[in-house]
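What follows is one structure encoded as C-alpha cells, with my remarks underneath.
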Amino acid sequence: LNKIGDKGLFTKELENALLDRRADIAVHSLKDMPSKLPDGLRIGAISKRENSTDAVVIHSRHEGKTLATLPDGSTIGTSSLRRVAQLS
C-alpha cells in the first residue's frame, strides 16, 4: 500500500458511485475502509457472521435500511468476486 496509495484506493470508486447515486449500497472489507468516510456516507452494518471484518457502506438516504429493505432495483457495488457470488 505504501507504493500505490492509502486504503481509500480500494473503496474510492464505490464511494463515488454511492455519492453520484449510481449505486445504492457498497460492501467493503472493514480492513480496506479509510478511517474517515466522505460526508454523506455511513457504515450501515457490520456483519454478524463468522468474519466480522466486512462492512456495508450506504448513502445517508438509506440509513436504517438493510439489504432486505432496500428499494427494488437498488444497485449494490463490490470489488470482491466472493461477495458478488454471495449476493447473487
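The values are calculated or read from the model by the stated rules, or taken from the named source; none is laboratory data. The structure displayed is predicted, hence computed values, not measured ones. Note: ideal-geometry Cβ built from the backbone for every residue, glycine included; neighbour counts use all protein chains shown. Areas reflect the complete protein model, heavy atoms only, side chains present, ligands, DNA and RNA absent. Shrake-Rupley method; radii C 1.70, N 1.55, O 1.52, S 1.80 Å.
Being modelled with pLDDT of 80 or more, over 14 Å from the mean Cα position of the chain (by Cα) and among the hydroxyl-bearing types (S, T, Y) is the filter here; which residues of the stretch 63-88 pass it?
Matches in the stretch 63-88: T69 only.
What is the residue count in the stretch 38-54 for residues that are modelled with pLDDT of 75 or more, open to solvent by less than 60 Å² (accessible area, probe 1.4 Å) and closer than 20 Å to V84 by Cβ?
2
Being in contact (Cβ under 8 Å) with a residue 12 or more places away in the chain, within 18 Å of E15 (Cα to Cα) and either surrounded by fewer than 14 Cβ atoms within 10 Å (Cβ to Cβ) or out of contact with any His (no Cβ under 7 Å at 6 or more places or on another chain) (or both) is the filter here, so list the residues in the stretch 67-88 that pass it. Lay out the reasoning, then the answer.
Filtering the stretch 67-88 down to residues in contact (Cβ under 8 Å) with a residue 12 or more places away in the chain leaves 67, 70-71, 74-80, 83, 87.
From what is left, the residues that are within 18 Å of E15 (Cα to Cα) are 67, 70, 74-80, 83.
Correct list: L67, S74, T75, I76, G77, T78, S79, S80, R83.
What number goes with the only condition from (1) polar (S, T, N, Q); (2) within 24 Å of S88 (Cβ to Cβ); (3) at pLDDT 75 or above; (4) surrounded by fewer than 18 Cβ atoms within 10 Å (Cβ to Cβ) that S35 does not pass?
Just one mismatch for S35, condition (2).
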